[in-house]
Amino acid sequence: MSTATEPRRDTPARTRATHTAPSFWASVWLVSSREIASRLRSKAFLISTGILLLIAVGSVVAGGILSANTSTTQVAVVGTASAVVGESSGLTAVPADDVAAAEALVRDGTVAAAVVPDDSLLGVSVIALDSPPSDVMSALSVSPAVELLEPAAQGGFLVYLVALGFGLVFFMSALTFGSTIAQSVVEEKQTRVVEILMTTIPVRALLAGKVVGNSIMAFGQIVAIALLVGIGMAITGQRVLLADLGPAIGWFAVFFAFGFVMIAALFAATASMVSRQEDVGTTTAPVTYLVMLPYILVIIFNDNPLVMAIMSYVPFSAPVGMPVRIFLGTAEWWEPILSLVILAFTTAGVILFGSRIYRNSLLRMGGRVTYKQALRG
Amino acid sequence: MLEIRGINKNYGAHQVLTDVSFTVGDGRMTGFVGANGAGKTTTMRIILGVLASDSGSVLLDGTPLTAGDRRRFGYMPEERGLYPKMKVGEQLVYLARLHGLSPAAAKQNTNDLLERLSLDQRAGDLVESLSLGNQQRAQIAAALVHDPEFLVLDEPFSGLDPIAVEVVLTVLKEYAAAGAPVLFSSHQLDLVERLCDDLVIIAAGEIRANGSREKLRDQFSTPRFEISSAVDAGWIRGVDGITVIDFDGGEAVFEADSDAASQTVLREALSRGAVHSFGHLRPSLATIFKEVVQ
């Protein structure tokens, strides 16, 4: 698009200085810098980002505290029973002089139960206050060894949490920055400044600048969250989980970068079809559903391999679906790459589609532009 | 020279512009006059490349206008607008930089313009906090901040207070004097009449008249004369080839069949007493406009 090589047509009458038109990417960068600067000045944006980061840090810290609190149960032991209790994990023996002393400890709540020697087959019996202490019983029980033929890499609840986390972060960021783009597009249309912009830089540079600027912001937020979560896990001693989660988070960032550009182009295109801020919600609703859908699906179907496999390839849900599968260890090494290629091509197509709608809708003020008008031009 | 040649444009079945052609010469202030909906804004948008025409071309010194050329235009759209939540100065710097100015040049131009438009005290204010008149000035600054070589201004004077009108007039004249083609539309015919070198009159999407102001006034003038003399002018009615339109004491307006007949009246009047004034009545722009548009 550069016109820098265009010969200058100065006639002697024209004495004013001519300025070389900026290149396409220089224009894009100017537009995106303005987007970023105006976002960074918005109090609402700073506050919501702060809250999001706090939630991320908070959930890691809470997870650390919960996992550290798998405390052992205290039981009183009398005489030879200490040998039995000592072998079982999850129980801490509190020696008592005799059965009466052990009962006293149970009564005042110092211990959950007392294990005392008796003449039964096991050689010990358990004294508890008002109900059979299941945790003590299971700790003392003898279980046969279990061999799993296909062991799951991660526990069910943890998978749910991780899936929820990816889903939530994608959903929140895409929605926040997507609607920011939508508002910024309509602001330019509503205030009519768009006509000056259109005569100054190519419409595609304007659209690209908005998408790039907001993508940088969204990606920055994602990276900040990922770093905080990683550092938080390392500090709270959840290194094992970090090692499992690390690759998934890395892929998530890559998928998010492409996925967000696609979503952003759609938000910009649909928003350009209306002329008032009041109408933004209605016109961008289909895109909002596209963003919400993977979030809902991943919550419901995170333990359904078929649905997750499909989700990990459909471009709109791949940024959530593929990282979850990577975390589960159910994705082959080439699967994220293939999915990423599909996503990249879809993104390119969506950008073409979106910029056509955007270009044809920008100067149509008043009522909502129909898709037919927007696509035909 | 900017040349608009054979532009047609329709929105569906509605033909908005029909074979619109005119030129804007270097250093010529060209007024673009027409009723609402006549096609002025559409024409200007096509010149600026915001809208595509169905046929026809816009030429600059004989070659079709490119996107690069269009960046050297200063454009003030009819639909006014700047970012409401951006500071005036920052906004102008931003627009200048989009046109390719260096940060330093953009800053320099912004400061100069704001000073000329008496807006320098407002550079740090948000656009939305400005009065309507000051917003208009900021809008004009936005059209000029990148040292444009051509100006296309849609209704630049609407919404301006009289002082701002004079300021803007001065700026536009400077541009024309420096050799820039200046095209502007306006409803204020008296202003256009006072200001313009050339005129383009459009009605219902067609150019009805176009040319230099003097040529148009000659073209549309009737053989109508006005005389002011010391004695009662009633005698004029008796002169051959003369039709009196209006008369009041020593003053009369009449139409002459020929130049000779009008000169007869002048000689006769001089012989009867003192003549204060005698002249060919030329139509005002408003008169021409009415005549052309109907």
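Before moving on, here are some points about what is shown:
- Dipole of the protein assembly as shown, positive direction: furthest Cα of A:105, A:248, A:203, with charges on the beta-carbon: A:203
- Near residue B:246: Cβ cut-off under 13 Å, other residues only, Lys/Arg at +1 and Asp/Glu at -1. The net charge is -2.
- Spacing of the two label points (7 Å from each Cα toward its C-beta) at residue A:158 and residue B:222, in nm: 9.9
- Cβ crowding within 10 Å, taken as a proxy for footprinting-reagent exposure, orders B:40, A:372 from fewest neighbours to most as A:372, B:40.
- Sites residue B:278 and residue B:170 - FRET efficiency at Förster radius 41 Å, r taken between beta-carbons, to 0.05: 0.70
- Residue B:13-residue B:267 FRET efficiency (beta carbon distance; Förster radius 41 Å; 0.05 resolution): 0.10
- Debye-formula intensities of the protein assembly as shown, expressed as log10 I(q)/I(0) at q = 0.06, 0.07, 0.10 Å⁻¹, are -0.55, -0.66, -1.00 (one equal scatterer per alpha-carbon, no solvent).
- Counting Cβ atoms of other protein chains within 10 Å of each residue's Cβ and taking the mean over peptide A:181-192 gives 2.
- Calculated FRET value between residue A:299 and residue A:100, using beta carbons and R₀ = 51 Å, to 0.05: 0.40
- A convex hull fitted to the Cα coordinates of segment B:85-140 yields 66 cubic angstrom per residue.
- Near residue B:201: Cβ cut-off under 13 Å, other residues only, Lys/Arg at +1 and Asp/Glu at -1. The net charge is +2.
- The spread of Cα positions in segment A:88-134, taken along each principal axis and listed from longest to shortest, comes to 29, 23, 20 Å.
- The residues packed around residue A:351, meaning those with a beta-carbon under 15 Å from its beta-carbon, carry a net charge of +4 if Lys and Arg are +1 and Asp and Glu are -1.
- Relative contact order (%) - criterion: Cα under 8 Å, at least six apart; region: chain A: 18
- Put in order of Cβ neighbour count within 10 Å, fewest first, the listed residues A:147, A:103 become A:147, A:103.
- Diagonalising the gyration tensor over the Cα atoms of segment B:220-293 and scaling each eigenvalue by 5 before taking the square root yields semi-axes of 23, 13, 10 Å, largest first.
- Alpha carbon centroid spacing (whole Å) that separates segment A:318-363 from segment B:55-121: 38
- Charged side chains reduced to their Cβ positions (Lys and Arg at +1, Asp and Glu at -1) give chain A a dipole of some 3820 debye around its Cα centre.
- Mean per-residue shielding of peptide B:75-88 is 5, counting Cβ atoms of other chains within 10 Å of each Cβ.
- Residue B:27 long-range amide H proximity, modeled H, under 5 Å: B:179, B:180, B:182
- Kirkwood radius for segment A:247-305, taken over all pairs of different Cα atoms as the inverse mean of 1/r, rounds to 13.2 Å.
- Fluctuation leader among B:123, B:230, B:177 - chain B, Gaussian network, Cα springs under 10 angstrom: B:230
- 5 Å binning of all Cα-Cα separations within chain B, expressed as whole percents from 0 upward: 1, 5, 11, 13, 14, 12, 10, 8, 7, 6, 5, 4, 3, 1, 0, 0
- The H on the amide N of residue A:94, modeled in the peptide plane, is under 5 Å from the matching H of A:75, A:76, A:77, each at least 5 residues off or on a different chain.
We did not get these values from a lab; they are worked out from the coordinates using the rules stated. Predicted model only: the values in this text are computed from it and were never measured. Virtual Cβ from ideal backbone geometry, glycine too; neighbours counted across all protein chains shown.
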